[in-house]
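**Q** Following this message is one structure expressed as structure tokens.
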């Protein structure tokens, strides 16, 4: 079983063992990463179900969206990651070995933006065929995505991955794996490597930063806009808040990480660029939507989601 020694000496948390594998029965292996990701998805679906009922949608609507969005999101998140890290999975002359590495998502390697893009496309298609206003659906889904992200990041902790550069801050995360990673990436010197092994130098726990950022974002959006209907003025407002909040947080958190996917090596981080574009898009759409609402009275939020009534043909 894969195990890692982790500690947070600045917080008084001594070394403990983190196991990547929950249990293994013969050839079947269940990892904590997959368990945590699945738990996050299930809680998100439960949240969406309560919100769907409140919006006048049915269990069939929920199942249609879940069966389309969740698998698409997982596949999209994996493909997004693999595309930018293909050299890590490619085995020259062995197609099946390459394919096997690509499908092993339980070993880590999911990029949230790929999941959002693929899941979003699937949601657009379902909303179109079911004749449901897409922005209202996105307002329901956005907080659920934040919830799933907040929980899912702890899957990175069980694999001891998605951490940042060297730091001596009290909440630094220390591990022999982290020390080796920082040294091999030339982020610390030879002397600092031994300091890292001793716990004097650690890494930014960026998985924790992003988890907390999403928890705070979820709580703010839920209590300010979801529960307080008076402030929810336009369709898409909650979704725009998500784009702004997550884009803002991811843009600086990604800058701390040592395992970022680069569009141009050493120059542009893919997720950081997309985060900034999300932030700009969210602000722009929010301004346009609120301007139309206050200037022309268009786009007023309606709690119940109404489908167009079918015309009754006269005999």
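The values are calculated or read from the model by the stated rules, or taken from the named source; none is laboratory data. The model shown is predicted, which means the values in this text are computed figures rather than measured ones. Heads up, the Cβs are rebuilt from the backbone with ideal geometry, glycines too, and the neighbour counts pull from every protein chain shown.
**Q** Quick one: in region 19-40, which of the residues that are in contact with a helix residue (DSSP H, G or I) (Cβ under 6 Å, 6 or more places away or on another chain) and part of a strand (DSSP E or B) is farthest from residue 149 (Cα to Cα)?
**A** Only one residue fits best here, namely 22.
**Q** If you don't mind, there's one more thing I want to ask. With respect to residue 121, is the statement that it is assigned to a helix (DSSP H, G or I) and within 21 Å of residue 76 (Cα to Cα) true?
**A** Yes, satisfied.
**Q** Here's a follow-up. Quick one: which of 171, 213, 245 is within 25 Å of the chain's Cα centre (by Cα) and not in a helix (DSSP H, G or I)?
**A** On inspection, the qualifying residue turns out to be 171.
**Q** I would also like to ask the following. Which condition from (1) part of a helix (DSSP H, G or I); (2) touching a helix residue (DSSP H, G or I) at 6+ places or on another chain (Cβ under 8 Å); (3) over 29 Å from residue 217 (Cα atoms) is the one that residue 116 breaks?
**A** (3)
**Q** On to the next question. Can you name the residue in region 189-210 that is buried (at least 21 other Cβ atoms within 10 Å of the Cβ), more than 23 Å from the chain's Cα centre (by Cα) and without any contact (Cβ under 8 Å) to a residue 60 or more places away in the chain and is also farthest from residue 17 (Cα to Cα) among such residues?
**A** So, considering only residues that are buried (at least 21 other Cβ atoms within 10 Å of the Cβ), more than 23 Å from the chain's Cα centre (by Cα) and without any contact (Cβ under 8 Å) to a residue 60 or more places away in the chain, the one farthest from residue 17 (Cα to Cα) is 201.
**Q** Determine whether residue 98 is in contact with a helix residue (DSSP H, G or I) (Cβ under 9 Å, 6 or more places away or on another chain), surrounded by fewer than 21 Cβ atoms within 10 Å (Cβ to Cβ) and in contact (Cβ under 8 Å) with a residue 12 or more places away in the chain.
**A** Taking the combined requirement at face value, the residue does not satisfy it.
**Q** Given the residues 152, 164, which is the only one that is under 29 Å from residue 174 (Cα atoms) and touching a strand residue (DSSP E or B) at 6+ places or on another chain (Cβ under 7 Å)?
**A** None of the other options fit; the residue is 164.
**Q** When only residues in region 1-18 that are under 13 Å from residue 33 (Cβ atoms) and assigned to a strand (DSSP E or B) count, which is modelled with the lowest pLDDT?
**A** 4
**Q** Could you tell me how many of the residues in region 240-272 are farther than 28 Å from residue 179 by Cβ and touching a helix residue (DSSP H, G or I) at 6+ places or on another chain (Cβ under 9 Å)?
**A** Within region 240-272, residues that are farther than 28 Å from residue 179 by Cβ and touching a helix residue (DSSP H, G or I) at 6+ places or on another chain (Cβ under 9 Å) number 10.
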